[in-house]
Amino acid sequence: MSAPPPTAFVNASLVDPETGVESRGGLLVEDGRILDFGEKIASGAFSRDIGVIDCAGNVLSPGLIDLRAYLGEPGGEHRESIATATAAAAAGGVTTIVASPETSPVTDDPAVVDFLKRRARDHGRVRVLPAAAISKGLEGKEISEFGLLREAGAVAFTDGSHSIRNSQTLRRALTYARDFDALIVHFPEDRDLAGAGVMNAGELATRLGLSGAPREAEAIALDRDIRLVRMTGARYCAAPISTTLALDSIAKAKAEGLPVSCGVTINHLTLNENDIGDYRTFLKVKPPLRREEERLALVEALASGLIDIIFSDHDPQDVETKRLPFAEADFGAVGLETLLPAALRLVHAGAVSLPQVLRAMTARPADILRLPQGRLKKGAPADLIVFDPDEPFVLNKDSLKSRCKNTPFDEARLQGVVKITMVAGAVVHGKDARIFS
């Protein structure tokens, strides 16, 4: 495949999430990388062989990096495929997806990692980076072959929404990961304490007649994990977290200088347990949506920098598993296309700045995953998005490009429309872009 032609973005509102700087200007792309950017790059200053994209004053920033998304392949193509997931990602401004290992077969073998890379190369619109399973079969018993999986291309190790019960198993995994300088992304949940809980434990769960999962289930597991990180020295990311108890533990770990980071889903930043309303199963997620006080604390932690990453936790579920009584419905919600506009709710509410919210979806996950993208910097990969942060729309789930439509934001009033998505210098979304020579 030939390299994309040189491109100039002009008349843009440049946002550099890494530095927090917002400025007017343009950006040059050549050979799939950022050649230059700044005020000096303007229309009318280029040769005829350079494509020029007039951003019309819209925001130009690095493309989003999604820490975890279920892509369906292999084994779950009825829920999602790499083609549909990456089309949704491109439409939502996500240029890099870390693929969940919760596939069939599980991504615990180098051959599955290689399969995902080849499928993404042939059918994907954006970058797909496989995450490998911590334990074989996600069973929490036998550790996967980290060395071989890392060599095959796994960027992190996680058991997805499966928390590892056995502390000795997790200790061995952290020790193994430390020796390979690999990242462990773990879902902190005491599965026995959470039990069969389907929503946040409390008064609302009691009134709805639903079993609740106490927030202490998260805190107990996270406290154990942090003690194991202290023992091993491994790089560790708690994702997702959803409670003030977890925030307290993360703050203490960071103050101690431990190699600990954390992530939160966009659902937990923008929704609370009251949104479940009349048993809305599209809002049945794991961990469960918490009280409004917890949500506000998460937003405050994002603004302070305590929370490192915002991610979609994209988990498509078909009609047969969602159109059921709340207690029987599967957990999960789609989120690739709504990640950015939902996050912009926080900006429009004045809770966080635009650079802050973008940093948690670009530069910070790039740092933690040790990726070159996610920043406006000369020589960085030209993974870029142009979006209007103020353009309003009402979300129609049927317009989503994901194969399944289980969005918690159905019929929600949102702001923020992605106009152009570029990956490695090639435009992968944006038929309405004004490109001329």
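Couple of notes before you dig in:
- Neighbour counts of other Cβ atoms within 10 Å put Thr244, Thr95 in the fewest-to-most order Thr244, Thr95.
- Reachable lysines from Lys377, criterion Cα separation under 23 angstrom, eight or more residues apart if same chain: Lys40, Lys419
- Listed residue pairs exceeding 25 Å between alpha carbons, taken from Lys136/Lys401; Lys378/Lys401; Lys286/Lys322; Lys284/Lys405; Lys286/Lys397; Lys284/Lys397: Lys136/Lys401; Lys378/Lys401
- With the simple spin-label model, which puts each label point 7 Å out from Cα in the Cβ direction, the Ser399 to Arg224 separation comes to 4.5 nm.
- Gain in span if fully extended, Glu22 to Asp278, counting 0.36 nm per residue against the direct Cα distance: 87.9 nm
- Neighbours of Ala329, meaning other residues whose beta-carbon lies under 9 angstrom from its beta-carbon, give a summed charge of +1 when Lys and Arg score +1 and Asp and Glu score -1.
- Sorted ascending by nearby beta carbons within 10 Å, beginning with the fewest, Ile226, Ile97, Ile53 become Ile226, Ile53, Ile97.
- Reported label for calculated percent of Cα pairs over 40 Å apart given [x] 26; [y] 20; [z] 14: [z]
- Asp122-Ala196 FRET efficiency (beta carbon distance; Förster radius 51 Å; 0.05 resolution): 0.80
- Other residues with beta-carbon under 10 Å from the beta-carbon of Gly416 carry, at +1 per Lys or Arg and -1 per Asp or Glu, a net charge of -2.
- Here region 301-423 is assigned +1 on the Cβ of each Lys and Arg and -1 on the Cβ of each Asp and Glu. Its dipole about the Cα centre then comes out at about 540 debye.
No lab work stands behind these numbers, since they all come straight from the coordinates. No experiment lies behind these values; they were computed from the predicted model shown. Using ideal geometry, Cβ is built from the backbone for each residue, glycine included, and neighbour counts are taken over all protein chains shown.
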